Amino acid sequence: MKKKGLGFYFAACAAILTIVTLVLLFVYSGRGGAVQNTVYIALVAALVCEASLLLGEKPWSDFAGIIAGVLTAYATVTVVGDGLWNIAESINGIRMIGIPELAGMNYTLVGIGLVSILAVTFASFAKKEKEA
Amino acid sequence: MKNSRIWSGFSTLFASLLVISLLGQNLAMENASYINSALGVSTSKLVDIEAGEAVDTTYYKSQFGDFDDPAALQKLLAAEYEQNINEMREGAALLMNEKNTLPLTDAVRISVFGHAAVDPAYQSNSAGTKVTNETENAVTLKMALEAAGFVVNQELWDGIAAGEAKRGELNSRGRMSVNGSAKGSEENKAFYEALTGTFANDYKDAAIVMFARQGAEGTDLKMKDEDDEGGATGYISSLALHKNERDLLEMVRANFDKVVVLLNSPNQMEVHEIEPYADAILYIGFPGHQGFTGVAEILRGTVNPSGKLVDTYATSSLSAPAVVNSGTDTPTFLNLDYMHEKIGTAENADYMSFQAENIYIGYRYYETRYADAVMGKGNASGAAGASYGAASWKYADEVQYPFGYGLSYTTFEQTIDKVEMDNDTITVTVTVKNTGNVAGKSVAEIYAQTPYGAYEIEHKVEKSAIQLAGFAKTKLLAAGESETLTITIDKYLLASYDSTAHNGEGGYILSEGDYYIALGDDCHDALNNVLAAQGYTTADGMTADGVAAKAYRFSQSFDDQKYRTGANGVIVSNQFEECDLNYWIPNAAKYITRNDWEGTFPVAQTQVNVTDAMLDVLDGEWYVKPEGAPTYQEVADRFEKDSGLTLVMMKDVPLSDRETWEKFIYQLTVDELPAATAESFTCPAVGDLSPSFKVGDGCDSVGGSITRTVNGEEVKTATARYCSNPIMTGTWNVDIYTGRGTMMGEDGLWSGFMINYNVGNDLHRTPFGGRSFEYMSECPTMNYLAAIPQVEATEKTGSHAAPKHFVGNDQEFHREGVICFFTEQAFREGNLRAFEGSVRVAKSGGIMQSFERLGLRWSSASYAMNTQVLRNEWGWTGAIDTDAAGARGEFDDHVGYKNHSAEVLAAGTQEWCLDGSYGHGKAIVKRAQEEDDGHLMELLVDAAISWEYAISRSNIINGMSATAKVVQVTPEWQTQLRHTVIVLGVLAALCFVMLIASKLKKKA
C-alpha cells in the first residue's frame, strides 16, 4: 500500500487555498471588485493541476505543479493589478476610482496566492506518495 | 530526491516568479508615473546642443531668493505659515459672544474638552500635505493656547487623549478612514464624569470645547446618520449635535462660568443646539499646519475676529431644497434592470440628481423665500419646506446665521457715500468707522437685488432676492478711526441667463425695472435694507427693520444685447438644454420658481425611468469621423520634421501663431504624440520637446515636498497645509486671497510643479459636501470674486493655477457618473459662474474636470462645456484635464463611462489625469489608424499644442537654454526590473530543460 508523501499534503494545501481563493473572489466580485474572467479560468485550471497531484506520482505530475504555479501567479498578480486603486485609496483615506473597503480583501488574496504558490512549489519538490 | 522532482520544483518556483515579475513589470510600467513620483526620479534630462554665451535661464524666480539658498527656503517656509495663520486670524467667524465672554483677556488656567481638541481635523482626506499632531511644524491647539498665555489642564488633556472616540472607521491598514458619520466622534458621559476631578477645583477660568465634522474625497457627510448610544433611535443629520456631545456640553455648562465652543468643521453644523450651553461660538473650519495660532490669538484677544461666513447656517441642515435629491440621499433611476440589460453596469449611470432647487442654493433660497414671505408673494409662507413639520415657513425658524455674518470685539458704522454708474460697472464708495473701543477690521459687503417682474415670471427667469455683488475689507482700524473703501461691481454679475431670449436661442439679459445696491453686515441685513427702501417693516414680517439709506436704487431698461457675445464675438446661446430632465421626459419634474414656492418646493425625491433615447447617450459612444477628414497617413506624414524649434524658443510664441506651434509639434514621431495627453503626478517627457515634470494637487495644499541639501544632507520639507477654503474665503480680504495664490505658486515653483490643481471653485450645494473644505463657498459670485486674485497671483509665479473640479462636482456620494439634471440658468449663474473668475477672467493655466455627468454626458465628454463655453464663449486657452481617468496600457474597450477616449477628445478635453502611460492617447492613435481618421490625429496635435503652451509658460523651462534638447532616460528601477525578468526567464528555461532531460534520461 502506498502512503501519502509530503508532496501530497502540500498539493492538498495548495488545492484548498485555490478553492478558498475562488470563493473569496466571488465575494470580492460581488462587492464590486474587478475580476477578469481569465482569472477564474486560470484558477480552475490550477485547481485541476493541483488535484492531479493528489493522485500520486504520475507522468504528468512534474508538469502539473509548474502549470499550477504559473496559473496561480497569473491570477494573483492580475487581481492585485485590478485592485491597485482599492489599496491606494485605502492608504490615502479617499474614494476616487477604486473601492477602498476592498483593500483588505486584496491583501488577503495576495497573501493566499503567494502561500498557494509556495505550497505547489514544495509539492513539486516533494514525493506525493511513498511505499508502505 | 529524484532529479526530476528537483527540476520540477525549481521550474515551478522560477516559472511562477517569472510570471509574477513579468506581470509585475507590466503593472509597474502602467503605473510608472506614480513610482517615479514616489522615488523622485525623472525620465528625462536636458542636453545643451550648442554651448552658447552664458545667459540667465532662471526665467521664473522666487521672491524669496535663489533656489539653492537655504536661507531663501527658510523665508519661504516662514511666509507659508504666516499666510496660514493670517487666514485663520481673518477667516474664523465669531458666531456668538454673549456677555462679551470673548476675548478671554484675563483667563489663565483653562480646561479644554472634546475629542477633537486632542485629535483635531487639520484637514480631511484628499490631495495635499497631510498634517497630524506629530507633523513637523504643526501647531496643535494646546501649543497655540499655551503660546497665547493660557495654562491648559494637562491631566484633563491627557485623559481625553487616552479615550477611544474616533471620526470614522479603521481601514484594513489600521488607519482612520472618514465615513461621514458623527456617531462615536465624542466620548460618552461616563468617560467625562470620570474626569471631573481634574477640573473640580482648578482650571476654572474658562472651558473650551471643540467639536469636529469631516467628510473626505469620495465621502459626503451623512444626511441620515445614527446617534450615539442612548440617543435618538431614528436617523439624525450628521451635522446635528449627537448625544455624547450634548452630554458633554451639559456637564461643562454645569461646571464653568465661561464656555467657548470651537467648530472644527467646514460643514455647517446645527449650531442652534449648541447655543443654550455656550457663551461664545467660534467657527474655525480646518486649521492646516498652524491655524490654531490664529484661533488662540482670537480667544486671547490679541487678534480681533473679522471673518464672515461664506455659507448659510440653517437651523436644520436638511431644510435646503438642494438636499432632497443629492448627497447620500441621491436616488437612482427606477428601471435599473432595464438600463443594465441595455448598456451594462460599467457606464456608472444608476444615480440621478435632479437639481430641483434651480438657482436657489444656500442664501439664495432662504433669503429669497424670506423676501417673498415679507412681500406676500409666491406662497412663500406655505408649509412646503418648513423645517420640523411646521405649518408655515418662517425665516427666523429656518436660519441661524446668514451668509456674510460674523461678529467682532468692536463695533463699526458703515455708510454708503455714493454710487456711480457707467456702462459696465457700478462703483460704490463706503466709509467705515470703528465706533468701539478696540482696533479691528471690517468688511463692507455689497449686495444687489435685480427685478423679478412679469417678464421674468413668464419666461421662467429666476432671481435671487439678494445676491453678493462685491466687497472690500478695511485695514486694521483703531478705535474711532475711519476708512473709505471703493468697491467696483461688474454689471455682468447682475445679468440673468434667459434660455428663452432671442427667440429661444438664449442669452444673458438685464431685466427691466428697479435695481438695488445694498450695504449690509450680512446678506440678510442687506436684504432688510432693500426691503426697507421698498417700504417694508417688521409689521410685514421682517426679522428687523432695515435701513433704507443703506440701499441705492436705480432703474434699467430691458437689455438682451449687452452680454449677447462672448470672446471674439461668439454668440452666447443655449448649450445645456439636454441637461434638463424635462428635455428627455416632458413635464417629468418641477424646478423651484419663486412664483410658487408651495407648488414647486421638492417635498419628495424625483425618480424616473430611463428611456431608450437617454440610453443612446448614456452608452457614451457618439464620435464619428467627420466628412472631409484627412486620412491618417496624410496627418502622419507631417511628423518627424525637424524645425529646430525648442521649448524655450516657444516661450514667447503666441497661440495665435498656429503655424509655428505646429512646426514645433511635428518634430515628434507619431508614437511620441500620445505622451502629450498624459497628466499624472509625474508627467512623461514628450519626445525631445519637453521634459518629465511633476504637478501639484490640492485646494488647500499643493502637496509635494521641497528637497534641499543642508550640511551635506538632503532634507525634505513638506509644503504647507493652509486653512480650509471656507476659512480663507471667509476673510473677505483680497490680500489674503492674493497671498494664498502667491504662496501656492511659490510652493509649486520650489517643488518643480508645472501646474497646481489648487483652486476649489465648486459650490457648497448642500451643507453635506465631503469636499466643502476644499471648495470656497455656497455663493457663485463669492467664488468668482475670491478666485480672481488667487489665480492671478499663482500664475505670476510660473507654476500655473488650475481650478477644479470643473464643473458641478458638488457631491462626493457616487460622484463617479452621477447624472445631474438642471436648468441652463442655474448652471450658468451657479456652477459656471463659480469658475468663471478663475478661468475666463484670471486666465488660469489649466482646469481639472470632474467625475459627474452634465445631463447624460460625462463632463469631460461635454462638447458644450469644453468647446462651446470654455474655448468659444470664454476664449480661454489653458489645458483641459480630466479628473482621475487613467487607462491601463492601451486599454480602451469603449466600456465604462471614462473609456470613450475619442468622444472625450472630440469634446475638447485634451489631457487625461493619472494616465501616466498615456493609454487614452495611444488608444486614439490606434483608432485613428484603424479607421483611417486623420481628424483624431489633428485633435491630438491640438492637445499637444495646449499642453506644450502651458509648459512653455511655466518654471519647467527654468535652466533651459534656447538650444537645450530633452533626452529621455530610463529610470534605474525599470532597468533592474528588466534584468530580473531576464534572469528569472533564463533560470526557468534552464530548469525546465533540465527537467525534460532528467525525464528523458530516466526513460532511457
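The values are calculated or read from the model by the stated rules, or taken from the named source; none is laboratory data. Not measured: the values here are computed from a predicted model. Note: ideal-geometry Cβ built from the backbone for every residue, glycine included; neighbour counts use all protein chains shown.
Out of A:ILE99, A:ILE91, which single residue is aliphatic (A, V, I, L, M), facing chain B (nearest Cβ under 8 Å) and surrounded by fewer than 23 Cβ atoms within 10 Å (Cβ to Cβ)?
Step by step, each of A:ILE99, A:ILE91 is checked, and only A:ILE91 is aliphatic (A, V, I, L, M), facing chain B (nearest Cβ under 8 Å) and surrounded by fewer than 23 Cβ atoms within 10 Å (Cβ to Cβ).
Taking the options B:ASN358, B:ASN325, B:ASN348, B:ASN335, name whichever one is over 20 Å from B:ASN267 (Cα atoms) and surrounded by 24 or more Cβ atoms within 10 Å (Cβ to Cβ).
The match here is B:ASN358.
Which of the residues spanning the stretch B:279-310 are surrounded by 24 or more Cβ atoms within 10 Å (Cβ to Cβ), of a type in the set (Gly, Ala, Ser) and not in a strand (DSSP E or B)?
Within the stretch B:279-310, B:GLY285, B:GLY288, B:GLY291, B:GLY294, B:ALA296, B:SER306, B:GLY307 qualify.
Looking only at the stretch B:464-482, which residues are closer than 20 Å to B:VAL310 by Cα and either outside the structural domain of B:GLN414 (by TED's automatic domain parsing) or charged (D, E, K, R) (or both)?
Within the stretch B:464-482, just B:LYS473 meets the criteria.
Please give the number of the condition B:LYS898 fails out of (1) buried (at least 20 other Cβ atoms within 10 Å of the Cβ); (2) touching an Asp or Glu at 6+ places or on another chain (Cβ under 7 Å).
Result: B:LYS898 fails condition (2) only.
Within the stretch B:213-233, which residues are aliphatic (A, V, I, L, M), buried (at least 24 other Cβ atoms within 10 Å of the Cβ) and more than 14 Å from every other protein chain (Cβ to nearest Cβ)?
Once the filter is applied, which keeps residues that are aliphatic (A, V, I, L, M), buried (at least 24 other Cβ atoms within 10 Å of the Cβ) and more than 14 Å from every other protein chain (Cβ to nearest Cβ), the stretch B:213-233 yields only B:MET223.
Scanning the stretch B:840-892 for residues that are within 14 Å of another protein chain (Cβ to nearest Cβ), in contact with a Gly (Cβ under 8 Å, 6 or more places away or on another chain) and buried (at least 22 other Cβ atoms within 10 Å of the Cβ), which turns out farthest from B:ASP762 (Cα to Cα)?
Residue satisfying both the conditions and the ranking: B:ALA887.
Just give me the residues in the stretch B:1-12 being surrounded by fewer than 19 Cβ atoms within 10 Å (Cβ to Cβ) and at the interface with chain A (Cβ under 10 Å from one of its Cβ atoms), in sequence order.
Those that are surrounded by fewer than 19 Cβ atoms within 10 Å (Cβ to Cβ) and at the interface with chain A (Cβ under 10 Å from one of its Cβ atoms): B:MET1, B:LYS2, B:ILE6.
Condition first: touching a helix residue (DSSP H, G or I) at 6+ places or on another chain (Cβ under 8 Å), closer than 30 Å to B:TYR59 by Cα, of a type in the set (Ser, Thr, Tyr) and not assigned by TED's automatic domain parsing to the domain that holds B:ILE343. Can you find one or more residues in the stretch B:932-947 that meet it?
The answer is no, given that none of the residues of the stretch B:932-947 is touching a helix residue (DSSP H, G or I) at 6+ places or on another chain (Cβ under 8 Å), closer than 30 Å to B:TYR59 by Cα, of a type in the set (Ser, Thr, Tyr) and not assigned by TED's automatic domain parsing to the domain that holds B:ILE343.
Considering the stretch B:832-878 alone, what residues qualify as being of a type in the set (Asp, Glu) and part of a helix (DSSP H, G or I)?
Matches in the stretch B:832-878: B:GLU836, B:GLU873.
Here's a check for you: in the stretch B:146-199, which residue that is modelled with pLDDT under 95 and outside any loop (DSSP other than H, G, I, E, B) is nearest to the other protein chains (Cβ to nearest Cβ)?
B:SER177
Please enumerate the residues belonging to the stretch A:104-132 that are within 7 Å of chain B (Cβ to nearest Cβ) and surrounded by 23 or more Cβ atoms within 10 Å (Cβ to Cβ).
Correct list: A:ILE117, A:VAL120, A:THR121, A:SER124.
Do we find a residue being in a loop (DSSP other than H, G, I, E, B) and under 29 Å from the mean Cα position of the chain (by Cα) anywhere in the stretch B:627-635?
No, there is no match, as no residue in the stretch B:627-635 is in a loop (DSSP other than H, G, I, E, B) and under 29 Å from the mean Cα position of the chain (by Cα).
Taking the condition part of a loop (DSSP other than H, G, I, E, B) and either crowded, with 23+ Cβ neighbours inside 10 Å or not hydroxyl-bearing (Ser, Thr, Tyr) (or both), does B:GLU462 pass?
Yes; evaluated as a whole, the condition is true for this residue.
Among the residues of the stretch B:649-677, count how many are farther than 21 Å from B:VAL635 by Cα and either surrounded by 21 or more Cβ atoms within 10 Å (Cβ to Cβ) or hydrophobic (A, V, I, L, M, F, W, C) (or both).
3
Scan the stretch A:43-69 residue by residue and report those that are surrounded by 20 or more Cβ atoms within 10 Å (Cβ to Cβ), more than 10 Å from chain B (Cβ to nearest Cβ) and not polar (S, T, N, Q).
Residues satisfying the conditions are A:LEU43, A:ALA46, A:LEU47, A:CYS49, A:GLU50, A:LEU53.
Can we say B:PRO684 is closer than 30 Å to B:GLU816 by Cβ, modelled with pLDDT of 95 or more and within 31 Å of the chain's Cα centre (by Cα)?
Taking the combined requirement at face value, the residue does not satisfy it.
With the requirement that a residue be within 14 Å of chain A (Cβ to nearest Cβ) and surrounded by fewer than 24 Cβ atoms within 10 Å (Cβ to Cβ), what does the stretch B:778-814 give you?
B:HIS814 - this is the single residue of the stretch B:778-814 that is within 14 Å of chain A (Cβ to nearest Cβ) and surrounded by fewer than 24 Cβ atoms within 10 Å (Cβ to Cβ).
Having 3 or more residues that are surrounded by fewer than 17 Cβ atoms within 10 Å (Cβ to Cβ) and modelled with pLDDT of 90 or more is the bar; report the helices (runs of 4 or more DSSP H) wholly within the stretch B:13-132 that clear it.
B:70-91
Which of the residues belonging to the stretch B:603-623 are surrounded by 13 or more Cβ atoms within 10 Å (Cβ to Cβ), of a type in the set (A, V, I, L, M, F, W, C) and assigned to a loop (DSSP other than H, G, I, E, B)?
Within the stretch B:603-623, B:VAL608, B:VAL610, B:TRP622 meet the criteria.
Return the total of residues in the stretch B:667-681 being β-branched (Val, Ile, Thr) and touching a His at 6+ places or on another chain (Cβ under 9 Å).
Going through the stretch B:667-681 one residue at a time, the tally reaches 1.
Inside the stretch B:906-930, can you point out the residues that are under 25 Å from B:GLY696 (Cβ atoms) and either surrounded by fewer than 24 Cβ atoms within 10 Å (Cβ to Cβ) or of a type outside the set (Asp, Glu) (or both)?
B:GLY908, B:THR909, B:GLN910, B:TRP912, B:CYS913, B:LEU914, B:GLY916, B:SER917, B:TYR918, B:GLY919, B:HIS920, B:GLY921, listed by residue number.
Would you please name the residue that is nearest to B:ALA212 (Cα to Cα), looking only at residues in the stretch B:133-166 that are without any contact (Cβ under 8 Å) to a residue 40 or more places away in the chain and surrounded by 18 or more Cβ atoms within 10 Å (Cβ to Cβ)?
In this case the residue turns out to be B:LYS142.
Where in the stretch B:700-760 are there strands (runs of 3 or more DSSP E), lying fully within it, with 2 or more residues that are in contact with a Lys or Arg (Cβ under 6 Å, 6 or more places away or on another chain) and farther than 18 Å from B:ALA842 by Cα?
Of the strands (runs of 3 or more DSSP E) lying wholly inside the stretch B:700-760, those with at least 2 residues that are in contact with a Lys or Arg (Cβ under 6 Å, 6 or more places away or on another chain) and farther than 18 Å from B:ALA842 by Cα span B:705-710.
Consider B:LEU17 carefully, then state whether it is within 14 Å of chain A (Cβ to nearest Cβ) and free of Cβ contacts under 8 Å to residues at least 12 places away in the same chain.
Here the answer is no, as B:LEU17 does not meet what is asked.
So, of the residues in the stretch A:30-65 that are within 16 Å of the chain's Cα centre (by Cα) and of a type in the set (S, T, N, Q), which turns out to be nearest to A:ALA12 (Cα to Cα)?
The selected residue is A:SER52.
Checking the structure you have, find out if any residue of the stretch A:70-79 is within 13 Å of A:LYS128 (Cβ to Cβ) and within 11 Å of another protein chain (Cβ to nearest Cβ).
no
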